[in-house]
């Protein structure tokens, strides 16, 4: 058992899953976080790392299972987008508590601008982490490409937060305070990458015209 004051709320729920199911419990918690974004991965993943530091699960298993959970949740949303289409998905979003249709719309607009790259980087951004799977499904991004980019992006995100929780031990909850800085760093990287891509394209066009 995890030796600390029994956590309540979402942390207590996630702890219960991990104590009952082991590493697959961490994967299940992350899969549900993908399907219901108000569940914070910034809380669940460091807790999985702390659980690994206590010997309840292995560190590698925590990373593998949470990444598998991320992929599973993303694939469900991908297929829902593909099967139901834009209008039906927006109608469903309107009825889900704590989820705003504008979040779905922003994710779709971001996917429209950045395409497959949005799937990779979106795995490391709040809100987009879940909703980016929907436009990918609506636009029928090749499934193999979607699965690969989702797995890679999720593996990076999950590993960073699980390792942080593992190294911090009983102070695992501190990670959540600084999660925003990491997310801002990813957002900055996206802006730089897009800017570089546009600059290169413009230079190529100009070189052809001269």
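Please treat every number below as a calculation from the coordinates, not as lab data. In this text, all values refer to a predicted model and were calculated from it rather than measured experimentally. Backbone-built Cβ (ideal geometry, glycine too); neighbour counts: all protein chains shown.
For the reader, a short list of remarks on this structure follows.
- One chain, two ends: residue 109 and residue 82. Fully extended at 0.36 nm per residue, the span grows by 8.1 nm beyond their Cα-Cα distance.
- Packing-based order for 114-121, 74-81, 24-31, using average beta carbon neighbours within 10 Å, highest first: 24-31, 74-81, 114-121
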